[in-house]
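A.B. asks: Structure below; questions to follow.
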Amino acid sequence: MSDAPGAAASAMGSGRELANPPSDGISNLRFSNHSDHLLVSSWDKTVRLYDAEANLLKGEFAHPGPVLDCCFHDDSSGFSAGADHTVRRLSFTSSKEDVLGRHDAPVRCVEYSYAAGTCNYILLDCSCVYVFGRTFSGKILMQIDSVKPKVIYCINHIIIKDAVDFLRDQYT
């Protein structure tokens, strides 16, 4: 292998810039599990859906404030978490958006649980951390309050799985 600058990048292949990129910093991006779709949230107050293979912007939703996180529901819809204190479900095929929750603090993380069929998210309010499981009816399935840690940065499927197991044990 050559010691020339850029040799490692050449060996790995070259990337390509997407058409119509966000105008500010990207807060998160996710590839779909089922296609070449790419979901991107940004500080420019948008969530964008791309067909990465075709280099095509398929849809875009504007929010009142920066979008801190996003995740897929399926190939044509997803969820967003915003600094405007909301969680939204976004349908790119119908251009419809539903607000699943409004809160007193920014929503930092959002994750969809395929096992439970719920949208789960965490708020950053500097004193409490909340984890919610919401059905599409808007019903809160579980809320966990905590004073430690005061700031939490992400949520993962392990937390969601534990919450689903807890609910199953309580209600079956």
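Values in this text are rule-based calculations from the coordinates and carry no lab data. From a predicted model like this one, the values you see are computed outputs, not experimental measurements. Reconstructed Cβ throughout: ideal geometry from the backbone, glycine too, with neighbour counts over all protein chains shown.
A.B. asks: Condition (residue is surrounded by 21 or more Cβ atoms within 10 Å (Cβ to Cβ), among the aliphatic types (A, V, I, L, M) and in contact with a Phe, Trp or Tyr (Cβ under 8 Å, 6 or more places away or on another chain)) applied to region 50-66: is it met by at least one residue?
C.D. replies: Taking every residue of region 50-66 in turn, none turns out to be surrounded by 21 or more Cβ atoms within 10 Å (Cβ to Cβ), among the aliphatic types (A, V, I, L, M) and in contact with a Phe, Trp or Tyr (Cβ under 8 Å, 6 or more places away or on another chain).
A.B. asks: Search region 32-78 for residues being aromatic (Phe, Trp, Tyr) and part of a strand (DSSP E or B), and hand back the single one that is nearest to Val99 (Cα to Cα).
C.D. replies: The residue in question is Phe61.
A.B. asks: Please work out if Lys45 is among the basic types (Lys, Arg) and within 15 Å of the chain's Cα centre (by Cα). Outline the logic, then answer.
C.D. replies: Values: among the basic types (Lys, Arg): yes; within 15 Å of the chain's Cα centre (by Cα): yes.
When the stated conditions are applied, Lys45 passes them.
A.B. asks: Further question on the same structure: If I filter region 69-102 down to residues being in contact with an Asp or Glu (Cβ under 6 Å, 6 or more places away or on another chain) and among the hydrophobic types (A, V, I, L, M, F, W, C), which single residue comes out as surrounded by the fewest Cβ atoms within 10 Å (Cβ to Cβ)? Talk me through it step by step, then tell me what you get.
C.D. replies: So in region 69-102, the residues in contact with an Asp or Glu (Cβ under 6 Å, 6 or more places away or on another chain) come out as 71, 81, 88-90.
Cutting the leftovers down to among the hydrophobic types (A, V, I, L, M, F, W, C) gives us 71, 81, 90.
On the way: Cys71: 20, Ala81: 32, Leu90: 23.
The extreme case among them is Cys71.
A.B. asks: Of the residues that sit in region 14-28 and are surrounded by 16 or more Cβ atoms within 10 Å (Cβ to Cβ) and not small (Gly, Ala, Ser), which one is nearest to Arg48 (Cα to Cα)? Spell out the reasoning first.
C.D. replies: The initial filter retains those residues of region 14-28 that are surrounded by 16 or more Cβ atoms within 10 Å (Cβ to Cβ), namely 18, 22, 27-28.
In the following step, the residues that additionally are not small (Gly, Ala, Ser) were identified as 18, 22, 28.
Numbers: Leu18: 11, Pro22: 8, Asn28: 11 Å.
So, considering only residues that are surrounded by 16 or more Cβ atoms within 10 Å (Cβ to Cβ) and not small (Gly, Ala, Ser), the one nearest to Arg48 (Cα to Cα) is Pro22.
A.B. asks: Same structure again: If the requirement is being in contact (Cβ under 8 Å) with a residue 40 or more places away in the chain, not acidic (Asp, Glu) and not in a strand (DSSP E or B), which of these qualifies: Ala116, Ala81?
C.D. replies: Details: Ala81 fails: not in a strand (DSSP E or B).
Sole residue among the options that is in contact (Cβ under 8 Å) with a residue 40 or more places away in the chain, not acidic (Asp, Glu) and not in a strand (DSSP E or B): Ala116.
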